[in-house]
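The values are calculated or read from the model by the stated rules, or taken from the named source; none is laboratory data. If you're wondering where the values come from, they're calculated on a predicted model, not measured in any experiment. We place every Cβ from the backbone using ideal geometry, glycine too, and count neighbours over all the protein chains shown. Calculation scope for accessible area: heavy atoms of the full protein, side chains included, ligands and nucleic acids excluded. Shrake-Rupley method; radii C 1.70, N 1.55, O 1.52, S 1.80 Å.
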Amino acid sequence: MTDTPDTHTPHMQRALAACRRGIERGQSPFGACIVRIENDKPNILADTHNHVRLNTDATAHAEVMAIRDACRSAKSIHLPGATIYTTTEPCPMCFTAIHWARIDRIVYAARIEDAQRFGFNELTISNTTMKREGGARVELIADVMRDEAVALFELWQKRGGVAY
């Protein structure tokens, strides 16, 4: 994928829309979208939101749910050539799942500290640190549409959302 100033906007908008759908369904404010370029066109393999409360499953983060959907769509446990767009910097569990799925790139909006400001019990291990310490090859692109993602945390909080 060749980066231009607008390369990531449409796919991050999908992740943000998934996040908004989740908020409307009473879920926490996290969304993800997985895209792979095939025949010079983006193929959306998944876009979904956090399902932790819906599924009563602490592992049902948006990124994990998107990986599950994308793997089913691709009929493979590996997603080389894919990019995951996520509304917040992935937690260590999600980063590891992304690594195991062999996704090439993580593009995220809000940062771990943004989620913490809204009460989420985030570990403070950044994706940059996990990449360096773990030897992961995934490319990281931060702060794409960060303000829009933080606005969704605010919307969620105004609607009475409680962090877990």
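Here are some notes:
- Inter-residue pairs, beta-carbon under 7 Å, first open to solvent by less than 70 Å² (accessible area, probe 1.4 Å) and assigned to a helix (DSSP H, G or I) and in region 128-152, second β-branched (Val, Ile, Thr) and at pLDDT 95 or above, 6+ apart: Lys131/Val138; Ala149/Thr87; Ala149/Thr88; Leu152/Ile23; Leu152/Thr87
- Of everything listed in (1) open to solvent by 20 Å² or more (accessible area, probe 1.4 Å); (2) farther than 26 Å from Ile37 by Cα, the single unmet condition for Ser73 is (2).
- Just one of the listed residues (Ile67, Ile84, Ile103) is in a loop (DSSP other than H, G, I, E, B), within 11 Å of Ile34 (Cα to Cα) and either open to solvent by 20 Å² or more (accessible area, probe 1.4 Å) or modelled with pLDDT of 95 or more (or both), namely Ile103.
- Of all the residues in region 113-127, those that are aliphatic (A, V, I, L, M) and open to solvent by 10 Å² or more (accessible area, probe 1.4 Å) number 2.
- Extreme residue, farthest from Gln116 (Cα to Cα), among residues of region 1-34 that are under 17 Å from the mean Cα position of the chain (by Cα) and open to solvent by 30 Å² or more (accessible area, probe 1.4 Å): Pro10
- Filter pass, Ile37 being touching a residue at least 40 places away in the same chain (Cβ under 8 Å), surrounded by fewer than 16 Cβ atoms within 10 Å (Cβ to Cβ) and either in a loop (DSSP other than H, G, I, E, B) or aliphatic (A, V, I, L, M) (or both): yes
- In region 153-162, the residues that are surrounded by 13 or more Cβ atoms within 10 Å (Cβ to Cβ) and in a loop (DSSP other than H, G, I, E, B): Gly161
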